[in-house]
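We did not get these values from a lab; they are worked out from the coordinates using the rules stated. Just so we're clear, the structure is a prediction, and the values are computed from it rather than from any experiment. Note that we place each Cβ from the backbone using ideal geometry, even for glycine, and neighbour counts take in every protein chain shown.
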Amino acid sequence: MDSVQKFLEAVPQPVFLGLASVGALFLGSKLFSYLQLLLNAFVLSGTNLRKYGRPGSWVVITGASDGMGKEFALQLAAKRFNLVLVSRTKAKLESLAKEIEEKNTGKGVEIKTLAMDFNQNNDADYEKLEELVRGLDIAILLNNVGVSHSIPVPFTECDTEELESIITVNCIGTIKTTRIIAPIMKEQKRGLILTMGSTAGWAPTPLLATYGGSKAFLQHWNTAMAAELADYNVDSYLILSHLVTTAMSKIRRPSLNIPTAKSFVRAALSKVGLGGFINAPKTYAPWWPHAFMIWAVEKIPGVNNSTVISINKSMHVDIRKRALRKREREAKKA
């Protein structure tokens, strides 16, 4: 203790004050970020969606027939937006359109549908989408379409068809759809683009390497595109999500950290733009337990920390083992 005190006394006062100032600035930035996290999670509301379009303007939703896409459609219709629903299965789209019409009788909600398999990357499908939205007052684009690995899998063992499907749907499908809608918004001088991200793309996730890579691509693409579109009063955000009870996650039981699609979507629509505490610009985590986890990882060890990656790997190795055991049990029953 005496040696520490002697050392401190020997440090020139200007140097000591300089180091103390750096420390105070560092701690102050962390405290400010944490305050921003608390306000975003529990106090502040996001941008009002009416900024982007009046009742009767249109929302384009990809991957609309299931999970979060379906919830976005239901909740936005309730806010009196017209819908363009794009998904693979025609029967599901027709069923969803009928459900929305029944729930919004008398509200004047219009619905257009397009059965489109993004995995085919068919130019004719994109031409049909372009024709379908021509002349519409488009307020919001929801880039929700996406696929993941059937189960966590080492990259070298992943089926080539699955790898290509992930890149084709998640990356090519999203950017080609946005390439159709964004010019309409630029011309209108208003609009909102929301793209579904994932913590698998935010932090390196072993055994989900290609899926995580596709979501990391969307992260960087959105950040760059958002800076371009800001000149035209068009906002673009990536919605950062951890686990949600959807068909893709294969999780059925909700918990505090794993919300239902309905709860997550409600949060996503009410917290648009509240993401200043996250390192990546134009990104927000609407579900508050996810937001607190993201803040803690970014501000303490860092997303590229070897321990974080190791924990991620262990978790997905365990998920893979359980999934393989389930497959074995099902095979024996067949």
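Would you calculate the volume per residue, in Å³, of the smallest convex hull containing every Cα atom of the range 216-255?
83
For the chain, what does -39500 (n - 2.57) per DSSP helix run (n ≥ 4), summed and divided by total residues, give at 222 nm, in deg cm²/dmol to the nearest 500?
Helix contribution divided over all residues of the chain: -17000 deg cm²/dmol.
Specify the angular offset, from 0 to 90 degrees and rounded to the nearest 10, of the alpha carbon long axis of helix 13-42 from the longest principal axis of the alpha carbons in the chain.
Here the helix axis deviates by roughly 30 degrees.
Using the alpha-carbon atoms, what tilt in degrees (0 to 90, nearest 10) does helix 209-229 show relative to the longest principal axis of the chain?
So the inclination is approximately 90 degrees.
Using a simple spin-label model with points 7 Å from Cα along the Cα→Cβ vector, what separation in nm is obtained for ARG252 and GLU99?
With each label placed 7 Å out from Cα toward Cβ, I get 1.7 nm.
Ranked highest first by average number of other Cβ atoms within 10 Å, how do 27-35, 87-95 line up?
The packing order, highest mean first, is 87-95, 27-35.
Where does helix 123-133 land angle-wise versus the long Cα axis of the chain, in degrees 0 to 90, nearest 10?
Approximately 90 degrees, to the nearest 10.
Between ARG327 and PHE217, 0.36 nm times their residue separation minus their Cα-Cα distance comes to what?
Result for the pair: 36.5 nm of gain on full extension.
Enumerate the residues in the range 94-117 having an amide nitrogen under 16 Å from the point lying 7 Å beyond the Cα of LYS262 toward its Cβ.
99-100, 103-104
Once you sort the root eigenvalues of the Cα gyration tensor of the range 248-334 as a ≥ b ≥ c, which label holds: rounded (a/c under 1.5), prolate (a/b larger than b/c) or oblate (the other case)?
Judged from the Cα gyration tensor, the range 248-334 comes out oblate (a/c at least 1.5, b/c at or above a/b).
What value in Å³ per residue do you get for the convex hull of the alpha-carbon atoms in the range 18-140?
Taking the convex hull of the Cα positions in the range 18-140, it is 178 Å³ per residue.
Quick one: which of 175-183, 205-213 comes out on top by average Cβ neighbours within 10 Å, and what's the full order, highest first?
Ranked by mean Cβ neighbours within 10 Å, highest first: 205-213, 175-183.
Take each of the peptides 258-269, 302-313, 320-331, 58-69, average the number of other beta-carbon atoms within 10 Å over its residues, and list them starting from the highest.
58-69, 258-269, 302-313, 320-331
Compute the semi-axes of the equivalent ellipsoid of the range 86-158, taking the square root of 5 times each eigenvalue of the Cα gyration tensor, and list them largest first in whole Å.
In descending order, the three semi-axes are 30, 17, 12 Å.
Using alpha-carbon positions, what is the distance between the centroids of the range 162-210 and the range 223-254, in Å?
Using only Cα atoms to place each centre, the spacing works out to 8 Å.
Starting from the exponent 0.38 and prefactor 2.2 Å, build the expected Rg for the range 158-254 from its residue count and divide its actual Cα Rg by it.
On the way: Rg = 14.9 Å, N = 97, 2.2 N^0.38 = 12.5 Å.
That works out to 1.19 for the range 158-254.
How fast does the chain diffuse by Stokes-Einstein, in µm²/s, taking the Kirkwood radius from C-alpha pairs at 10 °C and 1.306 mPa s? Could you put the intermediate results ahead of the total?
Details: Rh = 21.7 Å.
Here the translational diffusion coefficient equals 73 µm²/s.
Once a ≥ b ≥ c are taken as the square roots of the eigenvalues of the Cα gyration tensor of the range 88-229, is the result rounded (a/c under 1.5), prolate (a/b larger than b/c) or oblate (a/b not larger than b/c)?
Numbers: a/c = 2.01, a/b = 1.47, b/c = 1.36.
Prolate.
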